[in-house]
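Read the figures in this text as sums done on the coordinates, not as results from a lab. Note that this is a predicted model, so its numbers are computed, not measured. We place every Cβ from the backbone using ideal geometry, glycine too, and count neighbours over all the protein chains shown.
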Amino acid sequence: MKSAVEPLTEGGTETILVAEDDERLRSLSEIVLTQNGYKVILAQNGEEAIEKFLANKERIQLLLLDMIMPKKSGKDVYDEIKRLKPDIKVIFVSGYTADRIDKDSLVGENVDFMFKPVLPKDLLRHVREMLDK
């Protein structure tokens, strides 16, 4: 007999850089991820994301980047970090509709995309799937 309750996605111990300019969403991402075992490094804009990456590049396995942020976009951050660590994995998050985002320029084996609002279970599933690739 199948259970009606969907099991929570398995957490992990990896380190994730979360760059999100909305303080509430940044905090929520941190809570969801840390409660599931992940280590989280937070940035509130694109420039800070690059600074935090440079200071922690050996530890960071995944980028969780808002597409539209002050100072540098998520794509600009990813492009810069990818030059330093070509195998870095990324999940882009956007509150904009699909027609406003050029997803075709973001394709790749180590790239995923989610639209806001993101449910905690969906965030955890995408993170785990990307880390396991």
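Obtain the nm distance between the two label points defined at Asp76 and Arg24 by a simple spin-label model: each point lies 7 Å from its Cα along the Cα-to-C-beta direction.
2.7 nm
For Thr15 and Glu51 in one chain, what is 0.36 nm times their gap in residues minus the Cα-Cα distance, to one decimal in nm?
The Thr15-Glu51 span can extend by a further 11.4 nm.
Just to verify a number: FRET efficiency for Ile68 and Leu119, C-beta to C-beta distance, R0 = 30 Å, to 0.05?
My answer for the efficiency is 0.90.
Could you check the simple spin-label distance between Glu129 and Ile31, using points 7 Å along Cα→Cβ, in nm with one decimal?
Taking the two extended label points, one gets 2.5 nm.
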